[in-house]
């Protein structure tokens, strides 16, 4: 009994009791009957509730929200439907994917009743029916999908599952808002195999990247060698820079080979230039230019 009906019943009962004490039996009987009729006929539905009313076994109306009256004896409330969004968890254990991999999948469905009349009259228990339909649809979806699709593209799987459940529950006055797959569990042995495969693929990619880097570095060295071959002074400056980079640390003792010391000699670039001029003169048959 809702609070408003209870208040009216109490008020009428008190008035009837006072009438009895005042020796007004007819007034007391009238208020007593009114209290009983109020208790059985005045109903109240909350904003999210719908009352499905049958009159003599036939559908009379769907009431709510607010206060409404029913005819005692003739009218009966066959169902009170909650139209708020509901959540139902469901799962599929040891379901085989299209590539015959057993998986355990947990999911959740968000739904609500948009037609209270059909939800009350077209099916006995729509809540348990939604749970059964969701589990069946989940197994069908798993059987039609590969394991890689379930693991990598869950949003697509969620949409496929939502559409299938919505199609099956449309005649019950139920709308499916969303379906979310929360977890996909695979056997431990398969997890180890997939982990090794992923590690092998990452190692392969790392080696390919390293090989590409080595090729790029080698090409840069070839370009640098060609540049130094055409300019002895540039090679000399580079040698001096290398020696500077290796000796700029304070308190460090560095042993340098004689060839590196000779590379910084002033006479080396002159000798290299002389050799280049001699080679040029022999190639052209002319006298070598003077230094």
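From the square roots a ≥ b ≥ c of the eigenvalues of the alpha-carbon gyration tensor of region 86-186, which class results: rounded (a/c under 1.5), prolate (a/b over b/c), or oblate? Here region 86-186 falls in the prolate category.
Would you work out the relative contact order for region 15-111, in percent, from Cα pairs under 8 angstrom that are 6 or more residues apart? Contact order relative to length: 19 percent. Inter-label distance, residue 73 to residue 171: 3.8 nm, where each label sits 7 Å from its Cα along the C-beta direction. Remark: relative contact order (region 86-186) = 41 percent; criterion is Cα-Cα distance under 8 angstrom and separation of 6 or more residues.
Run the numbers for residue 202 and residue 178: contour at 0.36 nm per residue of separation, minus the present Cα-Cα distance, in nm.
5.1 nm
The order of 208, 9, 40, 176, going from fewest to most other C-beta atoms within 10 Å of their C-beta, is 208, 40, 9, 176. Reducing region 53-105 and region 128-184 to their Cα centroids gives an inter-centroid distance of 19 Å. Using the average count of surrounding beta-carbon atoms within 10 Å as a protection proxy, the listed peptides 217-223, 11-17, 180-186 rank, highest first, as 11-17, 180-186, 217-223.
Given R0 = 45 Å, the distance between the Cβ atoms of residue 4 and residue 213 translates into a calculated FRET efficiency of 0.05.
Computed from the coordinates by the stated procedures, all read-outs in this text should not be read as laboratory data. Treat the numbers as computed from the prediction; the structure is a model and nothing was measured. Cβ sites come from the backbone with ideal geometry, for glycine too, and all protein chains shown count toward neighbours.
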